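Report on one structure; see the data block that follows.
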Amino acid sequence: MELILAIRDIASAIDQSVEAKSDINWKAAVTLAGMVSKGDTGQTSIDERFERAFGLATLRFQHRWWDTSKTFSPGPDRTRLILTLLHGDGVLSEYNGTYDT
């Protein structure tokens, strides 16, 4: 899959996931784009990254999930999806979406 197609597909899947409040769309798009999991670094939440190199550019997708509840104040679970295009360490562009469940 070429870079521009991967960006379009994943950005569209982010929008669909936000609208449906579901992880199904972004997971399918990230898999189809051939992105590789770099693991989950979250301790009490989820913070996982997927990456794929396209020549000198790197496409990175980050999925974050956390519970917004506080003591005696229940809150929703929040999901944040971030698609980033990098050149070296520099960010060329970023697209994101957030939803609560």
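For the reader, a short list of remarks on this structure follows.
- Only aspartates and glutamates eight or more places from Lys70 in sequence, or on another chain, were considered; those with a Cα closer than 20 Å are Asp47, Asp100.
- The length gained on full extension between Gln16 and Thr71, counted as 0.36 nm times the residue separation minus their Cα-Cα distance, comes to 16.6 nm.
- Of the residues Leu85, Leu59, Leu32, the one that moves most in a GNM of the chain with alpha-carbon contacts below 10 Å is Leu32.
- Difference of contour (0.36 nm per residue) and Cα-Cα distance, Ser45 to Glu94: 15.4 nm
- Percentage, to the nearest whole number, of Cα pairs in the chain over 24 Å apart: 23
- Residue order for Ile10, Ile46, fewest other beta carbons within 10 angstrom first, comes to Ile46, Ile10.
- For the range 3-100, the relative contact order comes to 21 percent (Cα pairs under 8 Å, sequence separation of at least 6).
- Phi to ³J(HN,Hα) by Karplus 6.51 cos²θ - 1.76 cosθ + 1.60 over the range 27-32, Hz, x for Gly, Pro: 4, 5, 5, 5, 5, 4
- Candidates Arg49, Arg60, Arg78, ranked by Gaussian network fluctuation over the chain, Cα under 10 Å, top entry: Arg78
- Dividing the summed helix terms, -39500 (n - 2.57) for each DSSP H run of n ≥ 4, by the number of residues in the chain produces a 222 nm estimate of -8500 deg cm²/dmol to the nearest 500.
No value in this document is a laboratory result; all are computed from the given coordinates. Not measured: the values here are computed from a predicted model. Quick reminder, even Gly has a Cβ in these numbers, built from the backbone with ideal geometry, and neighbours come from all protein chains shown.
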